[in-house]
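Following: one structure in structure tokens, then a few remarks.
Coordinate-derived values only; no laboratory data. Computed from a prediction, not measured in an experiment: that's the story for all the values here. Cβ atoms come from the backbone with ideal geometry, glycine included; neighbour counts cover every protein chain shown.
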Amino acid sequence: MGTLATEHLLNIEDLDVAGINAVLDTARSFKEVNERAIKKLPTLRGRTIINLFLEPSTRTRTSFEIAAKRLSADAINMSPSASSTVKGESLVDTAKTLDAMDCDLLVIRHRYAGAPYIMSQNMRAHIINAGDGKHQHPTQALLDLFTIRERFGGFSGLKVGIVGDIAHSRVFGSLAPALRLLGADVTAIAPATLLPACPELLGANHCHKLDEILGELDVVYLLRIQKERIEQSPFPSLREYARLYGIDRGRLERMKRDAILMHPGPVNRGVELTSEAADTAANLLLYQVNAGVAIRMALMYLLLGGDRDGSLA
Amino acid sequence: MALLLKSARCIDPLVGLDTICDISVRDGRIAEVGQDLSIPKGLTIDLTGKVLVPGLVDMHVHLRDPGQEYKEDIRTGAAAAARGGFTAILAMPNTDPVIDCGSVVRYVLERAAKVSRTRIYTAGALTAGLQGHDLAEIGDMVEAGVVAFSDDGRGVQDAGVMRRAMDYVKCFDKRVLSHCQDESLVGNGVVNEGRASTLLGLAGWPALGEEAQIARDIALSKLTGCPLHIQHLTTAEGADLVRKAKAEGLPVSCEVTPHHLFMNEDHLDATYNTSLKMNPPLRTKADNKALIEALLDGTIDTIATDHAPHAAHEKSLEFELAPYGTIGLETALSLILTNLVAPGIISWNRLIELMAHAPRRILGLELVSLKAHSVADLTIIDPEMTWTVEEHDFVSRSANSAFIGSVLKGRVTDVYVGGYASLENGELVD
């Protein structure tokens with residue numbers, strides 16, 4: 001029995017405004033817990049959480065694992081080399097096998113879109129999407145929302161620019177619609193070769209020239225250039241990309257005084273940010289990572305049946 | 001064997017027939033069409049309330065035989081065709097081995113003669129192994145009985161190769177059937193570039209990837225004089241290119257599938273239904289509308305299914321990994337009746353032209369008409385029967401239909417091929 005209106009978090013659209021706020025409020029409580037010397041709560045004792053990461057990931061998987069352990073759940077990590085998929089098992093059969101082991105919550109990261117939905121159709125467990133192909137990454141969006149709300153107190157009227165490889169970005173797929181839902185104004189900033197066909201369907205305007213809009217933005221969100229995913233060179237060189245879309249000292253100075261820089265990590269120093277800019281922004285980037293653990297704790301807690309008011313009895 | 005089909009509404013625009021009458025059949029051909037006929041001996045069947053039309057032809061079918069018989073084979077594919085009202089089908093050559101030489105053609109035709117009441121024709125590959133480089137043994141295949149040539153499943157990427165293929169095929173008075181797909185534009189695209197690719201985070205398959213090759217192949221048809229047929233047209237712009245080619249008098253024809261007429265990318269959602277993954281992909285609602293207009297103005301010659309069976313274990317994968325295609329033989333006619341004939345968008349006459357006469361003309365086959373001496377390939381339809389498309393109810397070996405759950409009105413009850421039933425009262429005849 002969950003306390004969110006949804007059984008699973010497959011897409012960010014599974015949460016309405018109240019749902020997003022419930023997650024962010026609960027995460028704030030957990031963030032305080034995480035600041036204590038003894039960080040462990042007995043809340044999910046006896047519950048089994050499987051982290052199925054079918055695509056290499058260290059940061060996100062670690063964040064989920066820590067979140068589960070802080071709540072005293074039994075967390076099991078499965079990675080490609082350890083799973084049956086390398087032996088040719090279909091995802092449906094993997095789901096049914098894990099279901100037969102009676103797990104309570106499955107966290108799945110997969111390189112193909114829609115994989116979390118397949119799990120939800122073949123398991124009784126709650127499902128959290130930890131990133132599916134180029135589709136969605138809702139927990140990243142939630143931790144970003146948490147970070148923005150902590151900085152600005154809300155979202156209404158905020159101007160958010162998301163810069164970089166929008167077309168291949170599951171982060172954008174989750175973050176842009178959520179920001180729009182919460183009243184922010186979102187602009188995708190990238191060359192046409194890195195934009196999806198219809199960014200407006202994800203709630204975003206778009207423009208090609210960072211410098212034309214940089215001075216108006218409250219949040220400058222830099223997406224990682226995933227060199228391993230880029231096909232058929234959508235821009236001439238990393239050097240040219242950095243000149244047109246990277247944040248350097250000059251662009252830092254042209255940003256609004258209270259604007260913030262965000263990045264889902266890991267940063268390619270010298271590409272999305274110069275080393276100097278990365279160091280300037282480091283505190284906030286690490287804040288995002290820190291908030292990530294609290295957000296994932298909040299989701300586990302709410303999906304597995306915490307109290308609706310978010311109290312941590 | 002003699003047969004008397006009584007009191008159906010018999011429709012055939014070729015002879016201007018649309019009336020309730022009787023048809024007698026002897027030795028595989030129509031003996032007489034008229035009122036109150038009788039035969040001295042043989043079988044008399046009362047078809048009151050039914051519609052009788054010249055046998056339908058589907059010129060785009062994947063029988064998967066040889067090589068992928070777990071998806072479909074010649075026997076099950078022929079049965080699915082009969083159940084859908086088709087008296088003849090054209091098999092595509094992307095089998096394993098590819099139908100690219102006379103011996104594989106002979107296998108298909110000999111096997112068909114043994115296990116199929118449905119007439120089975122086959123297309124041959126344009127290029128050896130569908131590799132897009134060297135010409136397949138086109139003359140050898142013509143001698144073995146191939147009626148048209150296609151690298152269906154792939155576009156021929158090299159314009160020079162396509163030109164040589166068309167120059168060569170023309171010498172045998174055959175037609176090139178073109179699957180138009182420019183791989184440099186399409187890449188790994190799996191859904192329409194636009195709404196579906198954006199919302200589902202999937203690689204886009206742009207309309208231009210199809211239209212660019214349609215334009216190229218029309219230009220090559222003009223250059224070489226080789227008759228050209230554009231397969232599974234999906235976009236407004238593609239239809240426009242064919243419309244202009246026809247206005248110029250070029251020997252160009254085209255087909256559209258029921259799924260591209262009646263479904264679009266808006267049907268794709270976060271459930272990632274792999275039965276809606278096809279190549280070319282479902283396009284837009286505006287394209288649906290433009291294709292129906294192209295059906296009405298004669299730009300589109302025929303409806304073909306691109307029947308593409310795949311096993312359940314292949315389709316129940318992640319969307320990006322699942323193979324392309326939907327089955328279509330058993331639902332096509334009912335979809336056209338429900339969505340186009342019943343609401344009065346097209347007439348029965350137009351339906352018969354689209355699904356019976358045009359494909360035979362395009363392929364150079366003997367026409368079938370409701371008149372004396374014509375081959376008795378006949379399709380009989382109950383226009384009032386309402387039914388629901390259900391996954392467990394296909395005679396095809398595969399059930400990957402995009403239309404599961406659809407409620408359709410009008411269904412085939414009987415099919416005769418050369419005067420012999422392949423379907424009787426909705427039941428297959430072995």
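Distance distribution P(r), the range B:55-363, all Cα-Cα pairs, bin width 10 angstrom from 0: 6, 29, 38, 24, 3, 0 percent. Note on the range A:178-223: Kirkwood radius taken over Cα pairs, Stokes-Einstein applied at 4 °C and 1.567 mPa s, translational D equal to 115 µm² s⁻¹. Pairs from the table (B:LYS50/B:LYS315; A:LYS87/B:LYS114; A:LYS69/B:LYS277; B:LYS246/B:LYS289; B:LYS71/B:LYS170; B:LYS289/B:LYS409) lying more than 29 angstrom apart at Cα are B:LYS50/B:LYS315; A:LYS87/B:LYS114; A:LYS69/B:LYS277; B:LYS71/B:LYS170.
Comparing the range A:1-72 with the 2.2 N^0.38 Å rule of thumb, its C-alpha radius of gyration ratio is 1.22 (two decimals).
Taking 10 °C and 1.306 mPa s as conditions, the protein assembly as shown diffuses translationally at an estimated 56 µm²/s according to Stokes-Einstein applied to its Kirkwood radius (Cα pairs). Look at the stretch B:313-322: the mean tally of other chain Cβ atoms within 10 Å of its residues' Cβ atoms is 5. A Cβ-based charge dipole, computed about the Cα centre of the range A:138-289 with Lys and Arg at +1 and Asp and Glu at -1, lands at about 80 debye. Simple spin-label estimate for A:GLU240 and A:GLU35 gives 4.7 nm between the two label positions (7 Å along the Cα-to-Cβ direction from each Cα).
What's the average, rounded to a whole number, of partner chain beta-carbon atoms within 10 Å of each residue's beta-carbon in B:198-208? For peptide B:198-208, the averaged partner shielding equals 6. The calculated FRET efficiency for the pair B:ASP27 and B:ARG106, based on their C-beta separation and a Förster distance of 30 Å, comes to about 0.65.
Equivalent ellipsoid of the range B:218-280: semi-axes from √(5λ) of the C-alpha gyration tensor, largest first, are 31, 11, 8 Å.
Across chain B, the longest run free of exposed loop sites, meaning GluC sites (Glu not before Pro) lying outside DSSP classes H, G, I, E and B with no more than 10 other Cβ atoms within 10 Å, spans B:1-247.
Electrostatic tally near B:LEU408: other residues with Cβ closer than 13 Å to its Cβ, Lys and Arg +1, Asp and Glu -1, net -3. Size of the range A:219-265: Rg and Dmax of its alpha carbons, in Å, are 12.5, 38.
Just to confirm my numbers, what's the Cα centroid distance between the range B:245-323 and the range A:51-82 in Å? Each part reduced to its Cα centre gives a spacing of 41 Å.
Where in chain A are the DSSP H helices whose alpha-carbon span along the long axis reaches 24 Å or more and whose Kyte-Doolittle mean is at least -0.5? Sorted by number, the helices that extend far enough and score high enough are A:17-34, A:275-303.
Considering all different alpha carbon pairs of the range A:1-127, the Kirkwood hydrodynamic radius works out to 15.6 Å.
Note on the range B:55-363: with charges restricted to the Cβ of Lys and Arg (+1) and Asp and Glu (-1), its dipole about the Cα centre is near 860 debye. Neighbouring Cβ atoms from other chains, within 10 Å of the Cβ of residues in A:133-144, number 2 on average. Cross-link reach is defined here as a Cα-Cα straight distance under 15 Å, omitting same-chain residues fewer than 8 places apart; for A:LYS31 the aspartates and glutamates meeting it are A:ASP144, A:GLU150. Computed over the alpha carbons of chain A, Rg followed by Dmax gives 19.2, 57 Å. Note on B:ASP414, A:ASP14, A:ASP102: ascending count of other Cβ atoms within 10 Å places them as A:ASP102, A:ASP14, B:ASP414, the fewest first. When every Cα-Cα distance of the range A:138-289 is counted in 5 angstrom steps from zero, the calculated P(r) takes the values 2, 10, 21, 25, 23, 14, 4, 1, 0 percent. Place +1 on the Cβ of every Lys and Arg and -1 on the Cβ of every Asp and Glu in chain B, take the dipole about the Cα centre, and give the residue among B:PRO251, B:GLN157, B:ALA82 whose Cα lies farthest towards its positive end. It is B:PRO251, whose Cα lies furthest towards the positive end.
Using θ = phi - 60° in the Karplus curve 6.51 cos²θ - 1.76 cosθ + 1.60, the 3J(HN,Hα) couplings for the range B:406-419 round to 5, 9, 10, 10, x, 8, 5, 10, 9, 9, 10, 10, x, x Hz; x is entered for Gly and Pro. Note on the range B:1-149: the alpha carbon radius of gyration divided by the globular reference 2.2 N^0.38 Å gives 1.30.
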